[in-house]
Amino acid sequence: MSTSATFRVWRGDETKGELVDYKTPVSEGMVVLDAIHQIQAEQANDLAVRWNCKAGKCGSCSAEINGKPKLMCMTRLSELPLDKPVTVEPMRSFKPIRDLVTDVSWNFRVKKEIKPFKPRTPDAPDGTWRMAQSDVDRVQEFRKCIECFLCQDVCHVLRDHKKHEEFIGPRFLVYAAALEMHPLDVEDRVADLKREHGIGYCNITKCCTKVCPESITITDNAIIPLKERVVDEFYDPLGKLVKIFSRRKKDA
Ligand code: SF4
Ligand code: SF4
Ligand code: FES
């Protein structure tokens with residue numbers, strides 16, 4: 001690995017910004033977040049960057065590195081071509097606050113609009129529930145989400161078309177899927193998914209799945225099954241009845 005590299009970092013705020021070059025020493029084992037911290041310590045004390053865990057678990061250090069949505073703390077310099085400047089920019093689906101920090105508060109407002117978990121009546125005299133392991137396993141993947149919002153950043157519906165008021169984005173389709181497919185949940189979110197949450201905007205490009213640092217199969221395992229429920233409910237009521245009937249027969 002070379003002994004120094006240039007980082008082309010976006011500096012600015014909501015009103016304006018530009019890419020600024022910083023040359024800094026690099027060494028074996030460094031990640032992009034290390035380089036940014038080094039630049040902050042030695043050359044640009046006012047450089048704003050959000051991070052917490054440096055272990056790929058808090059979801060705070062999301063950015064666009066050489067144009068790709070990634071976690072800064074999980075992107076090793078050894079994976080990048082250091083013979084040219086490494087660009088580090090904030091996520092583009094959200095308003096910039098300063099430098100690499102964006103305003104992701106919209107995501108937390110969206111989350112509150114999704115109907116919460118509503119468990120069915122306990123099925124044992126001691127007030128507990130029984131669940132099939134296969135049903136538990138099905139939703140386990142969705143619980144790995146670290147809310148980094150990289151999937152929201154890459155989704156063209158939010159990024160290019162700015163449909164934030166009409167579409168909840170892949171992160172919250174994963175969240176809705178975790179609730180809808182939960183073996184104890186009895187709430188119905190299907191009409192909301194169609195009308196309020198804009199699931200129809202997703203055209204299954206799978207860009208969200210490709211950038212997820214937790215390798216959640218967002219499109220195939222969360223979005224497509226939810227889209228099927230919407231189709232069953234709104235466009236194929238007969239098919240829906242058949243499915244409910246066969247599910248009841250299976251459970252009997
Ligand atoms: S698959 Fe759907 S949600 Fe995911 S990036 Fe593409 S349009 Fe967005
Ligand atoms: S689904 Fe994946 S990419 Fe999207 S917020 Fe969760 S962890 Fe990040
Ligand atoms: S600092 Fe927590 S995920 Fe990168």
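The values are calculated or read from the model by the stated rules, or taken from the named source; none is laboratory data. What you see is a predicted model; the values in this text were computed from it and never measured. Reconstructed Cβ throughout: ideal geometry from the backbone, glycine too, with neighbour counts over all protein chains shown. Remember, those area values only see protein heavy atoms, side chains included, never the ligands or the DNA or RNA. Shrake-Rupley method; radii C 1.70, N 1.55, O 1.52, S 1.80 Å.
Structure summary
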item	result
Subset of the range 157-168 that is open to solvent by 50 Å² or more (accessible area, probe 1.4 Å) and within 11 Å of ligand 1 (Cβ to nearest atom) - its residue that is nearest to Lys54 (Cα to Cα)	Arg159
Criterion: among the aliphatic types (A, V, I, L, M) and surrounded by fewer than 19 Cβ atoms within 10 Å (Cβ to Cβ) - qualifying residue of Val9, Val26, Val31, Val20	Val20
Boolean, Ile146 is out of contact with any helix residue (DSSP H, G or I) (no Cβ under 8 Å at 6 or more places or on another chain), in the same structural domain as Glu214 (by TED's automatic domain parsing), at pLDDT 95 or above and buried (at least 16 other Cβ atoms within 10 Å of the Cβ)	yes
Residue match in the range 66-84 (condition: modelled with pLDDT of 95 or more, within 16 Å of ligand 1 (Cβ to nearest atom) and buried (at least 19 other Cβ atoms within 10 Å of the Cβ))	yes
Residues located in the range 85-105, provided they are within 16 Å of ligand 2 (Cβ to nearest atom), surrounded by 18 or more Cβ atoms within 10 Å (Cβ to Cβ) and of a type outside the set (Ser, Thr, Tyr)	Pro90, Met91, Phe94, Val104
Qualifying positions in the range 91-132 - touching a Lys or Arg at 6+ places or on another chain (Cβ under 8 Å) and part of a loop (DSSP other than H, G, I, E, B)	Arg92, Ser93, Asp99, Leu100, Asp103, Ile114, Lys115, Asp123, Ala124, Trp129
Residue in the range 183-191 that is touching a residue at least 12 places away in the same chain (Cβ under 8 Å), outside the structural domain of Arg50 (by TED's automatic domain parsing) and either within 19 Å of Phe94 (Cα to Cα) or loosely packed, with under 12 Cβ neighbours inside 10 Å (or both) present	yes
The listed residue being over 18 Å from Val211 (Cα atoms) and under 23 Å from the mean Cα position of the chain (by Cα), out of Ala48, Ala63	Ala48
Single unsatisfied condition, Glu141 versus (1) open to solvent by less than 50 Å² (accessible area, probe 1.4 Å); (2) assigned by TED's automatic domain parsing to the domain that holds Glu187; (3) assigned to a loop (DSSP other than H, G, I, E, B)	(3)
Candidate set from the range 144-160 (those that are part of a loop (DSSP other than H, G, I, E, B) and touching a residue at least 40 places away in the same chain (Cβ under 8 Å)); member that is nearest to Tyr201 (Cα to Cα)	Cys155
